[in-house]
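The values are calculated or read from the model by the stated rules, or taken from the named source; none is laboratory data. Given the structure is predicted, the values throughout are model-derived calculations rather than measurements. All Cβ positions, even for glycine, are placed from backbone atoms using ideal geometry, and neighbour counts span all protein chains on display. Quick note on the areas: whole protein, heavy atoms, side chains included, nothing else; ligands and nucleic acids left out. Shrake-Rupley method; radii C 1.70, N 1.55, O 1.52, S 1.80 Å.
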2 protein chains.
Amino acid sequence: MLLGAQSIGFKECPVIIGTGNIVGTKEGEGPLRELFDVVGEDDYFGEQTWEAAESNLQKEAVTIALRKAGKKPEELRYLFAGDLLGQNIASSFGLESFQIPLFGLYGACSTCGEALSLASAVVSAYGGYAGAVTSSHFASAERQFRTPLEYASQRPLSATWTVTGSGAYVLGPWAKEHSNAKALAKISGITTGKIVDYGVKDAMNMGAAMAPAAADLIVANFKDFKRTPKDYDLIVTGDLGEVGKKIVIDLVRERGYDIEDKHRDCGMLMYDGEDQGTGSGGSGCGCAATVLSAFFLPRLQKGILKRILFIPTGALLSPISFNEGQSVPGIAHGVVIEHIGG
Amino acid sequence: MLLGAQSIGFKECPVIIGTGNIVGTKEGEGPLRELFDVVGEDDYFGEQTWEAAESNLQKEAVTIALRKAGKKPEELRYLFAGDLLGQNIASSFGLESFQIPLFGLYGACSTCGEALSLASAVVSAYGGYAGAVTSSHFASAERQFRTPLEYASQRPLSATWTVTGSGAYVLGPWAKEHSNAKALAKISGITTGKIVDYGVKDAMNMGAAMAPAAADLIVANFKDFKRTPKDYDLIVTGDLGEVGKKIVIDLVRERGYDIEDKHRDCGMLMYDGEDQGTGSGGSGCGCAATVLSAFFLPRLQKGILKRILFIPTGALLSPISFNEGQSVPGIAHGVVIEHIGG
């Protein structure tokens with residue numbers, strides 16, 4: 001059912017019946033190390049190139065999610081997938097073997113929210129099962145967006161650290177799955193983001209570039225669903241990092257809502273910034289995707305969390321747009337995820 | 001309603017109530033020259049870079065489509081958009097000013113089919129209005145995928161010519177729009193493609209890389225909808241060109257269907273290959289999008305065509321995947337478009 005200006009509230013809530021995540025070595029040394037399904041022994045994941053390694057991350061995450069959901073690839077009607085690389089090659093080369101009808105997505109680091117939004121909308125409306133998967137890889141992203149690792153360039157503290165990892169989800173229809181013991185959570189609604197451009201031009205400060213989009217999304221969600229921060233246990237952004245966190249809290253406060261107590265950021269949960277030298281926090285399509293999968297979904301399943309607003313955030317830059325002096329617009333996609341029952 | 005393995009047949013068919021297209025100089029000298037809404041005076045479209053020019057194409061196409069549909073940007077719930085450039089920058093920088101909730105897509109040259117598929121699915125299920133827009137630009141694509149124009153590299157005859165152009169669509173719900181005099185056609189179903197990889201490694205022969213995906217999609221559509229070539233007036237691929245056309249006809253024939261009489265290819269309609277030196281035909285996200293908009297939709301509106309299967313085809317390569325010696329997998333997305341009434 002369409003709500004307000006940017007949201008859908010589902011009459012038939014899709015159910016997340018399986019999730020899988022896999023991360024790299026640095027993520028495996030961080031605070032969430034015990035929670036991931038797989039931590040790689042190195043960051044090549046058995047491949048010769050960083051890009052192929054990232055493809056393998058997606059393949060592995062989907063394989064784990066399918067196994068936990070008890071589903072075969074041919075039981076999924078659709079796979080919604082994306083990554084940060086030009087022309088989505090991590091997805092193209094990682095997912096071919098599943099032979100699932102594919103919708104390729106690009107929303108930068110917001111893609112996990114975009115994929116869950118569209119998968120939810122299609123499953124709620126048409127039934128059947130769908131998957132969502134996104135990934136990022138520190139080394140393929142540095143080569144794509146900044147400088148290859150071999151250049152050993154220095155990074156400002158405002159820079160975020162692209163997560164090496166992939167998270168995948170299998171969604172099924174409420175009628176068939178709400179009483180499934182494997183069910184992790186339901187998706188009760190989505191809020192879809194607009195491009196928000198505050199004119200930030202610093203590719204090393206993406207938290208500042210994305211925070212205005214996150215703030216807009218949060219306020220739109222409150223208005224569309226007629227909610228306030230009290231209606232959520234947590235409001236979880238994707239990868240704003242320490243710099244973006246302050247900005248989003250301030251921007252939302254200016255619009256009349258205080259989210260300071262409720263706000264968490266996946267990028268800040270991923271690493272111990274001081275010990276691990278990761279700057280402002282983790283980022284990338286794989287950041288929100290793995291932290292939702294490994295950290296938040298188990299808490300939603302157990303009922304420790306009843307309802308969260310999950311908002312992966314994306315910075316819409318490319319090497320070409322950056323070199324041509326363009327700004328870095330942001331976008332965010334919101335997904336309302338709830339404990340099933342009680 | 002889910003059909004077969006890969007399709008949805010809509011109970012409430014979304015209606016295309018407006019479309020807009022804009023092309024570059026070369027396209028404006030081709031056989032369809034009289035049919036386009038706008039032909040640029042040069043290929044910069046008032047900008048300083050090819051990428052900004054492509055962004056302007058999307059902005060202009062959406063503006064025309066909205067005007068023809070009699071809709072304001074804020075009346076669209078969603079915009080489904082994509083292009084060929086890394087990180088979809090043509091869309092990111094072309095569409096910000098509309099402030100429409102955005103789903104960024106990447107399906108290479110199949111993106112027009114992907115955008116129409118998802119826009120249809122969402123409009124049919126949830127009501128409201130949605131837009132779909134894709135673009136490509138010869139110069140930005142050559143720089144992205146092959147060599148900058150200034151290098152004056154030679155091209156084999158199998159190479160296609162990336163169309164400079166953008167096509168946009170505004171879709172509305174059947175209940176409100178089927179009797180609208182502006183209505184151009186209805187979308188009665190979609191068939192969603194899988195990645196198909198025959199191991200083609202030649203980025204100058206994308207027709208061969210994409211034809212297997214198109215063939216798979218056509219056969220899947222026939223099976224899911226229980227149809228044969230007789231049930232379609234035309235089967236229209238996006239940008240297979242002369243090389244790919246032969247392959248797709250052969251591959252579909254091997255599976256028991258003869259589509260030779262019914263098959264058309266947007267890329268072959270766009271240019272006069274011999275006079276214009278465009279090789280195998282036109283290609284790019286802007287090819288299928290502008291030819292559907294300028295050529296096929298008016299014929300569907302008038303009832304000259306009653307039902308077509310429209311299948312933009314994409315080659316899933318990137319400069320990095322090509323340089324790393326990867327193959328060029330293909331994907332195709334099918335949209336069934338029909339005359340309204342009679």
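Give the distance, in whole Å, between the Cα centre of the stretch B:1-62 and the Cα centre of the stretch A:104-121.
Taking the Cα centre of each part, the stretch B:1-62 and the stretch A:104-121 sit 24 Å apart.
Based on the Cβ-Cβ distance of B:K72 and A:L2, what FRET efficiency does E = 1/(1 + (r/R0)^6) give at R0 = 22 Å, to the nearest 0.05?
0.85
Inter-copy label distances at B:L3, 7 Å along the Cα→beta-carbon direction, one decimal in nm, shortest first?
For B:L3, the other copies' label points sit at 3.3 nm, shortest first.
Between copies, how far does the label point of A:R255 sit from its twins, in nm, shortest first, when each point is 7 Å from Cα along Cα→Cβ?
Ordered by increasing distance: 4.6 nm.
Using mean Cβ contacts within 10 Å as the protection proxy, how do A:164-172, B:51-59, A:254-262 order, highest first?
Packing proxy ranking, top to bottom: A:164-172, B:51-59, A:254-262.
At a 10 angstrom cut-off on C-beta neighbours, averaged per residue, how do the peptides B:263-272, B:320-329, B:303-312 rank from highest to lowest?
B:263-272, B:303-312, B:320-329
Just from its helices, what would the mean residue ellipticity at 222 nm be for chain A, if runs of 4 or more DSSP H residues each count -39500 (n - 2.57) and the sum is divided by every residue, rounded to the nearest 500 deg cm²/dmol?
After summing the helix terms and dividing by the residues of chain A, the value is -10000 deg cm²/dmol.
How much of A:D202 can a 1.4 Å solvent probe reach, expressed as accessible area in Å² and rounded to 10?
Estimated to the nearest 10 Å², A:D202 gives 70 Å².
Tell me which residues come under 5 Å, amide H to amide H, from A:R307 once H is placed; ignore anything under 5 positions away on its chain.
For A:R307, the qualifying residues are A:D233, A:L234, A:H339.
Any of A:K186/B:K176; B:K59/B:K262; A:K11/A:K306; A:K194/A:K246 with alpha carbons more than 26 Å apart? Name them for me.
Among A:K186/B:K176; B:K59/B:K262; A:K11/A:K306; A:K194/A:K246, the Cα-Cα distance tops 26 Å for A:K186/B:K176; B:K59/B:K262.
What does the net charge come to around A:A181 if you take all other residues with beta carbon closer than 14 Å to its beta carbon, with K and R at +1 and D and E at -1?
Net of charged neighbours comes to +3.
Run the quick spin-label model on B:K302 and A:E150: label points 7 Å from Cα toward the beta carbon, then report their separation in nm to one decimal.
Calculated label separation equals 6.0 nm.
Roughly how crowded by other chains is peptide A:77-89, in terms of the mean Cβ count from those chains within 10 Å of each of its Cβ atoms?
Across the residues of A:77-89, the mean count of other-chain Cβ atoms within 10 Å is 6.
Restricting to bridges with both residues inside chain B, how much of the DSSP beta-bridge set is antiparallel, in percent to the nearest 5?
60
Using a 10 Å cut-off on Cβ to Cβ distances, tally the other chain neighbours for every residue of B:168-179 and report the average as a whole number.
The per-residue average across the peptide is 0.
When chain A is modelled as a GNM with alpha-carbon springs shorter than 10 Å, which of A:D197, A:D224, A:D275 fluctuates the most?
A:D275
Using a 1.4 Å probe on the protein heavy atoms only, what accessible surface does B:K26 show? Give it in Å² to the nearest 10.
B:K26 has an accessible surface of roughly 50 Å² with all protein chains in place.
What average count of beta carbons from other chains do you get within 10 Å of the Cβ of residues in A:317-328?
Across the residues of A:317-328, the mean count of other-chain Cβ atoms within 10 Å is 5.
Which aspartates and glutamates have a Cα lying under 16 Å from the Cα of A:K26, excluding residues fewer than 8 positions away in the same chain?
In chain and number order, the partners are A:E34, A:D37, A:E41, A:D42, A:D43, A:E54, A:E142, A:D272, A:E274, A:D275.
How far is B:E150 from itself in the other copies, in nm, if each label sits 7 Å out from Cα along the Cα-Cβ line, shortest first?
Result for B:E150, in nm, nearest copy first: 2.5.
What distance in nm lies between label points placed 7 Å from Cα along the C-beta direction at A:R227 and B:D272?
With each label placed 7 Å out from Cα toward Cβ, I get 6.1 nm.
What accessible surface, in Å², does a 1.4 Å probe find on B:Y126, ignoring ligands, DNA and RNA and rounding to the nearest 10?
Accessible area, nearest 10 Å²: 30 Å².
With every protein chain present, what is the per residue accessible area of chain A (1.4 Å probe, Å²)?
The answer is 33 Å² per residue.
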